[in-house]
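Here's the structure, in structure tokens; my notes come after.
No value in this document is a laboratory result; all are computed from the given coordinates. No experiment lies behind these values; they were computed from the predicted model shown. Virtual Cβ from ideal backbone geometry, glycine too; neighbours counted across all protein chains shown.
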Amino acid sequence: MTQLVNYLQEVRHYLHRFPELSGQEYATTAYLREQLASHDIAVLDLPLQTGLVAEVRGEQPGPLVVLRSDIDALPIEEQSGDAFRSQNPGVMHACGHDFHASAALGAAILLQQQRAQLAGSVRILFQPAEETGHGAPAIIASGALDGAKVIFGLHNDPGLPVGVVGCKAGALTAGVDRFAIRIKGTGTHAARPHEGNDPIVIAGQLITALQTLIARNLPSDQNAVVSITQIHSGTTWNVIPEEAWLEGTVRTFNADSRTLLEQRLRQLLTGLGVSFNAELALDWQPGPPSVWNDERWAAFTLDQAPASELEARTIEASPIGEDFAFYQQHIPGAFVMVGSGGPWPLHHPQFRVDDQALFPAARYLAALAFAAGHELAAEA
Ligand code: NI
């Protein structure tokens, strides 16, 4: 067992040293393929550019169960100071996907060892491009989920101590939408604003009005976030520019508020356009919806925790995005958060995962798949 603990730690440190951005995980994919092959674990032949899907076939009759991990990194310059810090300039595993991939590999190895007792098959997803939201749709399109009955996934959570697993039924993460707004005014001399149509003044009104989207449209027991994160306009001090451009994100926890906020934003832009006699164009890019945990399987993940020596906690929903949500549009499943220590938050240049959390996470993933296989087999 100590051997597997050390091996998984080495795998994680290796992945951490050589992180790759979303959709470019070629070396990561090749490395994981080698590790799976060295443990005699089958890899499915699927039309995927990057990422891969392993399969462990149990010797007992049973369902197809899916475990999901992700493998991509972020465009961040690492400042952790760790001995195994990123060797790829400007790229970092700052969301701990190296941890997720290593835990999933560990689960695959443990399940392979238990295959005489395993009911059904387990597919282990090493999903690319989670950060861009393109990875899960690519995996689904490859057919990897076809015939599967349930899916489990985890994310490390630096806000939870090592040894704790958190889950809840219903919304766990937020629906993530990205938007950009282009305000087309009319440029002129800064001294003669009446001869133009100042897009910066319109942008000011827009930013203020956006604050009412949530405060005056959603009931007080519903959460959502609207953030403007970029604004660009102008070139110098004495010219009123032609255009202003803003970008931001909307985070919601259910489909109704997601639809409502998009609709209200569109109405607001139309209204401002009329009042200021300007054109306000919206580019709305929908991302993954809210991770929506099935009631039965959320309870199942918490029930299974103590057997893997983890403490189960019911947690609050988080406004982060997670493209695991796309899988749950096809099959039921549950996504859990596994304590990884902290103190730095996800996506921080000093982000770290405590290695102590790795083997328990692998053992827990394997236990979820094993127990779900037997539970579903008994019902069939
Ligand atoms: Ni992540």
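Tabulated data
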| read-out | value |
| --- | --- |
| The chain: Cα Rg divided by the 2.2 N^0.38 Å rule of thumb | 1.12 |
| Sequence-distant residues sharing a close amide H with Glu78 (under 5 Å, placed H) | Gly90, Val91 |
| In nm, spacing of pseudo-spin labels at Asp40 and Glu247 (7 Å Cα→C-beta vector) | 5.0 |
| Ranked Thr314, Thr29, criterion: other C-beta atoms within 10 Å, fewest first | Thr314, Thr29 |
| Principal axis dimensions, the range 175-286 - Cα atoms, whole angstrom, descending | 48, 23, 19 |
| D (Stokes-Einstein, µm²/s), Kirkwood Cα radius, the range 119-236, 0.890 mPa s at 25 °C | 123 |
| Directionally averaged projected area (convex hull, Cα atoms, the range 283-380), nm² | 8.4 |
| Computed lengthening from Asp82 to Arg57, 0.36 nm per intervening residue step minus Cα-Cα distance | 5.2 nm |
| Exposure proxy order (Cβ contacts within 10 Å, fewest to most) of Lys149, Lys168, Lys184 | Lys184, Lys149, Lys168 |
| For the range 188-205, 3J(HN,Hα) per residue [Karplus equation, 6.51 cos²θ - 1.76 cosθ + 1.60, θ = phi - 60°, Hz, x = Gly/Pro] | 6, 5, 4, 7, 10, x, 5, 8, x, 9, 6, x, 6, 5, 5, 4, x, 4 |
| Solution diffusion estimate, µm²/s, Stokes-Einstein, the range 109-170, Kirkwood Rh from C-alpha pairs, 4 °C, viscosity 1.567 mPa s | 89 |
